Amino acid sequence: MLKILVFLNCMDADRITEKLNILADAAKYDVSCASSGSKRKNENKGLGNASNGICHSYTEDGRCVSLLKILLTNHCIFDCAYCVSRKSNDIQRAAFTVQEVVDLTINFYRRNYIEGLFLSSGIFKDADFTMERLVRVAKKLRLEHNFHGYIHLKSIPGASDELMNEAGLYADRLSVNLEMPTEAGLKLLAPDKSHQDMIKPMSYLKNAIIQHTEEKKLFKKAPMFAPAGQSTQVIIGATPEDDNQILHSANYFYKSFKLRRVYYSGYVPVLEDSRLPALNTSVPMVRENRLYQADWLMRNYGFHVSEIVNNQQPHLDLDIDPKLSWAIRNMHEFPVDVNRADLKMILRVPGIGILSAQKIVSARKFGKLNWEHLKRMGVSVNRAKYFITCQSKEFERRDLTGSAIKQFILATSHSKYNKNVPTQLNLF
Amino acid sequence: MTTLIYDGTFEGLLTAVFDVYAHKLGNVKLHQGEYLEGTLFDEKLHVVTDQTRAARVLKLLKLKLSTLGVQRLYAAHLAEIPGEDNNLLGFIRYAIDSPENIEEDYGNKYVMRISEIVRMVRREKHRMEAFIRFQKLRDGLFYAAIEPDFNVLPLLIKHFKSRYADMKWMIYDLRRKYGIYYDLHDTQFITLDFAESNRQTDIVAAYTEDENMYQHLWKNYFKSVNIASRKNTKLHVRHIPKRYWKHLTEKI
Ligand code: SF4
């Protein structure tokens, strides 16, 4: 009897392992892995909480691993060209049961492997049928297991308002992936998906989130509704949109749907298709990184999207980051006197981040700052020196042009993405 | 120059501050260790840790600094980084001597140094919150071993207690030989006396029956989420320095 039991256990473990391999592999192209922005507390001595996301590990390509990110199933009735799970792709298919996902989440969470669950799915049967399963996992975790960790559910385009409402009650974050930055791109590569079906759950959620936030202000006991908001992902480099189009469309979604984050995912060529870049095309990682930097400038540094890209400047500079790029196009704004300028302008200086900018503004009340002070505050002086003056007689006197500065900075810096330089590869 | 010899505790540090002001000492150096007659230093003073004196200094500091500022000072002390005693003392003296709150005077070398130490300690604390891996033992206890660079265990209690309220857990600092244990109600500091040699095998032998399965699943998951065409080892190692690997299930 005991032998059989052990045997069954092994079978089970093998089957689960196989499913996990298939369904984690299929989910990995969704780059969002954030688990922050929620404010869920542990209640009634339950399990877990969700507030400031933690990266529990990092993949070998340096991405944060924070959530158990899996598909419920990779069966799909759609045929989106860029997706490994598309109907016409000849691959191994698998599906988890609701209970299996729940068990994996709880057991990983207890071991401190993860912050929670990011559950997505291929579309089987129809949108509501799929969405109902996703919601059921979240509901079970919350109600039966008293789980307060982070839950991110994918909203299936075309799902009903009732299901979206339930999803909002149990999940911390919801997302619909736009995938293609423009409607035309979507038509070309995802003929089964309608732009309208994707927008619909987004606007429903936007309104529901606003409404619940209002209620929460009035009644402390009102239920939380998707406290970490909505996000989306766009794939970069599968279609010919330029950075100007991509960032303006991101800006539109931030403004119109109050999205918390837009993720940019460099297209990984996985399929042979005449509409797509060839299989040997490399992943546009530098471009992806520049888009994140630009996005960051829009959200946290007070830059307007058209200061970063516009019709004259439709592409982000790949050699240098968008902040430096803006600075050398706008040399008339510099030099900035760090002992006087307002925070807004200090934030625009290349080499000064948010933390050091705040330190500068606090510390200068006690006395004028010099280069040594700035260095200790974490300012990258090598970069900033071309754009600032401080309490010192030494400063950059040459009247350098923007392009000369770019050359000087490039000559002394190393990008973390410059891994194709052979001398650096030898390090490992 | 007077060398003050103290016991390395926070109360000892505060008592030393008291003595500096009581004896109106100007130029001083702080030294951790035992007080021995007739060695090394010409002028030296034995700081005898005293709760009342320490409390008086702490009270004064609470007037001079914000609550957060006092906490940061404590965290910096707790880190036990060798050779930082004089910076801690310098910070405290600067805080006491100034008419206004100096916490944000980053132009001052002591303020800046404390801020650097706090940043290092915070980072280590965050790393521990991320990299601790619990292993489930047969008696239902979730056990984790750590070897942090600084003494951050006391700073971890709040996080783990509020997160894992419904299970018994223990986090043990192998380097400093003490741990914290949560029994579903409260946490307490503990020391274990297992033999150095067979520690890890003891723990593996005590695994509950599904522990190996979940470790195996996690390792598999970690492998599946990797995108080979994006490999960037430099970035990977920067995020998880190699010294942490030996306690990371997915890296063993
Ligand atoms: S609907 Fe989703 S899972 Fe299905 S093919 Fe399109 S992108 Fe892939």
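The values are calculated or read from the model by the stated rules, or taken from the named source; none is laboratory data. In this text, all values refer to a predicted model and were calculated from it rather than measured experimentally. Every residue, glycine as well, gets a Cβ built from its backbone with ideal geometry; the counts of neighbours run over all protein chains shown. SASA here: full protein model, heavy atoms, side chains in, ligands and nucleic acids out. Shrake-Rupley method; radii C 1.70, N 1.55, O 1.52, S 1.80 Å.
Using only alpha-carbon positions in chain B, the gyration tensor eigenvalues give semi-axes of 41, 22, 18 Å once each is multiplied by 5 and square-rooted (largest first).
Between the helical axis of A:285-300 and the longest alpha-carbon principal axis of chain A there is an angle of about 80 degrees. The residues of chain A expose on average 46 square angstrom of accessible surface per residue, using a 1.4 Å probe on protein heavy atoms.
Set the Förster distance to 35 Å, then compute FRET efficiency between B:Thr201 and B:Lys223 from the Cβ-Cβ distance, nearest 0.05.
0.85
Taking a sphere under 9 Å around the Cβ of B:Thr3 and counting the other residues whose Cβ falls inside, with K and R at +1 and D and E at -1, yields a net charge of 0. Buried surface between chains B and A: roughly 5600 Å² of accessible area, summed over both sides, computed with a 1.4 Å probe on protein heavy atoms only.
The GNM of chain B, with springs linking C-alpha atoms under 10 angstrom apart, assigns the highest mean-square fluctuation among B:Leu68, B:Leu155, B:Leu88 to B:Leu68. Residues within the reach of a label modelled at A:Asn300 (point 7 angstrom out along Cα to beta-carbon, backbone nitrogen below 14 Å), restricted to the range A:321-338, are A:323. Each 10 Å bin from 0 upward holds the following percent of the Cα-Cα pairs of the range A:14-308: 6, 28, 37, 23, 5, 0.
Both numbers refer to the Cα atoms of the range A:331-425; Rg and Dmax are 14.7, 48 Å. Please check which bits of the range A:373-388 a label hung off B:Glu116 would reach, taking the label as a point 7 Å along Cα-to-C-beta and the cut-off as backbone N under 13 Å. Answer for this model: A:373-379. Where is the GNM fluctuation largest for chain A (alpha-carbon springs, 10 angstrom cutoff): A:Arg364, A:Arg383, A:Arg290? Among A:Arg364, A:Arg383, A:Arg290, the largest GNM mean-square fluctuation belongs to A:Arg364.
The simple Förster model, with R0 at 51 Å and r as the Cβ-Cβ distance, assigns A:Gln245 and B:Thr2 a FRET efficiency of 0.15.
Rounded to the nearest 10 degrees, what's the angle between the helix A:354-363 long axis and the longest principal axis of chain A, both from Cα atoms, 0 to 90? Taking the Cα atoms of chain A, the angle to A:354-363 is about 50 degrees.
Taking amide H atoms as placed 1.01 Å from N in the peptide plane, the amide H of A:Arg40 lies under 5 Å from those of A:Ala50, each 5 or more residues away in sequence or on another chain.
Across q = 0.11, 0.14, 0.15 Å⁻¹, the range A:262-418 modelled as identical point scatterers on its alpha-carbon atoms has Debye log10 I(q)/I(0) values of -0.51, -0.76, -0.85, in the order of the q list.
The A:Asn330 and A:Leu188 beta-carbon pair, evaluated with R₀ = 30 Å, returns a calculated FRET efficiency of approximately 0.25.
Size of the protein assembly as shown: Rg and Dmax of its alpha carbons, in Å, are 28.1, 88. Its Cα gyration tensor gives the range B:132-251 an equivalent ellipsoid, and the semi-axes of that ellipsoid, as √(5λ) in whole Å with the largest first, are 26, 18, 15. By the compact-protein rule of thumb, 2.2 N^0.38 Å, the alpha-carbon radius of gyration of the range A:296-377 corresponds to a ratio of 1.18. Extents of the range B:2-123, taken as max minus min of Cα coordinates on every principal axis and listed largest first, are 41, 29, 26 Å.
Full extension of the chain between B:Gln71 and B:Ala22 yields a length gain of 15.1 nm, computed as 0.36 nm times the residue separation minus the alpha carbon distance.
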